[in-house]
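Below is one structure; the comments refer to it alone.
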Amino acid sequence: MLKFPFVIALTTIAFAAVAADEPIATLRGLDPLAEQGPAPPMAKVSNEDLRRARNYPEQPPTIPHKIRGYQIDLNANKCLSCHSRRATAESQAPMVSITHFMNRDGQFLASVSPRRYFCTLCHVTQQVIEPLVGNEFVDIDSILSDQDSGKKN
Amino acid sequence: MWSAAKQYWRVLTRPSVHFSLGFLTFGGFVAGIMFWGGFNTALEITNTETFCVGCHEMRENVFQELKSTIHYTNRSGVRASCPDCHVPHDWTNKIARKIQASSEVWGKIFGTIDTREKFLAKRRELAEREWARLKANDSLECRNCHGFDYMDFTRQSPRAANAHGTFLASAEKTCIDCHKGIAHELPDMKGVPGW
């Protein structure tokens with residue numbers, strides 16, 4: 001898990017030490033623009049089955065397990081075989097949100113609405129890697145509590 | 001008719017004039033081995049993946065789909081071939097399945113399933129046959145490789161350990177109840193329990 005950033009750090013240090021006047025390494029690496037450098041090793045999909053906090057209430061929850069080979073098409077929806085209303089008692093998986101039963105006119109249908117059928121349009125798995133770029137996102141609770149305590153944000 | 005039968009019976013029961021008893025016994029024995037061996041060898045040939053994907057519709061449909069799954073390529077390099085999942089190991093069941101499979105070969109020769117579309121149209125029926133078979137034998141073919149007694153739940157994902165520790169352990173469900181579509185794309189699952 002820690003190998004990747006470690007390698008990056010090492011190369012960065014080594015690089016800075018060796019040649020200060022060579023081109024700067026960006027995310028895409030040092031290979032000339034027209035060439036394809038070696039691909040980084042594929043990251044593992046996180047599979048702990050632990051729910052993650054959402055960064056904001058409307059955020060589609062991320063998938064806490066691997067979904068390799070799960071079929072979602074006209075014929076079958078593997079996700080719903082655990083997350084559908086009827087399957088949850090057995091699977092103990094969270095049921096798809098009630099908003100998923102709503103059609104575009106706000107009518108509730110008997111089952112998942114076609115526009116919400118393709119789960120992976122919004123829900124994605126996560127990988128066991130360090131983020132490649134920094135992120136300064138601060139969630140709303142932190143902003144509010146900082147305001148209350150008089151810090152500016 | 002009756003008299004002809006009687007005639008044959010007489011020929012069969014009359015002692016041999018030209019061959020010794022030893023020759024007949026031994027010869028019959030050898031011929032028997034040859035026949036049995038030949039039969040089983042022929043059977044073994046039909047029991048290889050090469051034979052299975054020799055047919056266009058298997059190679060272009062189910063085989064292509066299998067290739068991206070864990071049973072074709074994985075980190076340990078152990079894999080399942082078509083007969084591992086589809087042909088029973090014990091002899092009686094094997095013959096029974098072969099006779100049934102002959103109807104699928106018939107479908108091939110006489111062109112019932114010669115395009116992807118025709119295959120897809122037939123897929124639900126073929127899949128249901130396999131589900132029923134695996135349900136009836138408690139997923140025997142899966143268990144030939146995956147022994148429940150040897151599953152280390154601490155090494156499985158929490159989801160897998162949960163499912164296996166409850167419904168599988170209590171024998172309420174068998175592998176195929178939860179793992180449909182493990183090796184190929186699924187047909188239209190409308191009405192299949194749990195889908």
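Bear in mind these aren't lab numbers, they're just calculated from the coordinates by the rules spelled out. These numbers come from a predicted model, not from an experiment. Methodologically, a virtual Cβ is constructed for each residue, glycine included, from the backbone with ideal geometry; neighbour enumeration extends over all protein chains shown.
Could you give the radius of gyration (one decimal) and Dmax (whole number) of the Cα atoms in the range A:42-129, in Å?
Answer for the range A:42-129, Rg first and Dmax second: 13.7, 43 Å.
If Rh is defined by the Kirkwood formula over all Cα pairs and Rg also comes from Cα, what ratio Rg/Rh do you get for the protein assembly as shown? Spell out each step's value before the answer.
Numbers: Rg = 30.7 Å, Rh = 26.7 Å.
Dividing the radius of gyration by the Kirkwood radius yields 1.15.
Only loop residues by DSSP count here, and only those with at most 16 other Cβ atoms within 10 Å; note down the GluC sites (Glu not before Pro) in the range A:18-94 that meet that. Walk me through the intermediate numbers first.
Values: sites: A:Glu35, A:Glu48, A:Glu58, A:Glu90; in loops: A:Glu35, A:Glu48, A:Glu58.
Filter output for the range A:18-94: A:Glu35, A:Glu48, A:Glu58.
Applying the Karplus parametrisation 6.51 cos²θ - 1.76 cosθ + 1.60 with θ = phi - 60° to the phi angles of the range A:78-84, what ³J(HN,Hα) value in whole Hz is obtained for each residue in order, glycine and proline being reported as x?
4, 4, 5, 5, 10, 9, 6
Relative to 2.2 N^0.38 Å, what does the C-alpha radius of gyration of the range A:79-147 come to as a ratio? Two decimals please. Display every interim value, and only then the final one.
Values: Rg = 17.2 Å, N = 69, 2.2 N^0.38 = 11.0 Å.
Taking N as the residue count of the range A:79-147, the ratio is 1.56.
Give the residue list of trypsin sites (Lys or Arg not before Pro) in the range B:155-191 that are DSSP loop and have at most 13 other beta-carbon atoms within 10 angstrom. Spell out each step's value before the answer.
Working: sites: B:Arg155, B:Arg159, B:Lys173, B:Lys180, B:Lys190; in loops: B:Lys173, B:Lys180, B:Lys190.
Answer in residue order: B:Lys190.
Hey, fewest Cβ within 10 Å first, where do B:Val62, B:Val78 land in order?
Working: B:Val62 20, B:Val78 8.
Ordered from fewest to most neighbouring Cβ atoms within 10 Å, B:Val62, B:Val78 come out as B:Val78, B:Val62.
Work the Kirkwood hydrodynamic radius out for the range B:1-62: mean of 1/r over every pair of different alpha-carbon atoms, inverted, in Å. Could you put the intermediate results ahead of the total?
Working: mean 1/r = 0.0635 Å⁻¹.
For the range B:1-62, the Kirkwood estimate is 15.8 Å.
Charges only on Cβ, +1 for Lys and Arg, -1 for Asp and Glu: so what's the dipole of the protein assembly as shown about the Cα centre, in debye to the nearest 20?
Values: 41 positive and 37 negative charges, 308 e Å.
So the dipole magnitude of the protein assembly as shown works out to roughly 1480 debye.
If you take the alpha carbon radius of gyration of the range B:53-178 and divide it by 2.2 N^0.38 Å, what ratio comes out, to two decimals?
On the way: Rg = 16.6 Å, N = 126, 2.2 N^0.38 = 13.8 Å.
In units of the 2.2 N^0.38 Å rule of thumb, it is 1.20.
By residue number, which cysteines of chain B lack any other Cys whose Cβ falls under 4.7 Å from their Cβ?
Isolated Cys, chain B: B:Cys55, B:Cys85, B:Cys145, B:Cys178.
Each residue of the range A:119-131 in turn: what ³J(HN,Hα) in whole Hz from Karplus with 6.51, -1.76, 1.60 and θ = phi - 60°, glycine and Pro shown as x?
3, 6, 5, 10, 9, 10, 7, 10, 10, 7, 8, 7, x
In nm, give the distance between the simple-model label positions of B:Lys122 and A:Ser145, each being 7 Å from the Cα along the Cα-to-Cβ direction.
Output for this residue pair reads 6.4 nm.
Could you check the simple spin-label distance between B:Val78 and A:Leu74, using points 7 Å along Cα→Cβ, in nm with one decimal?
3.9
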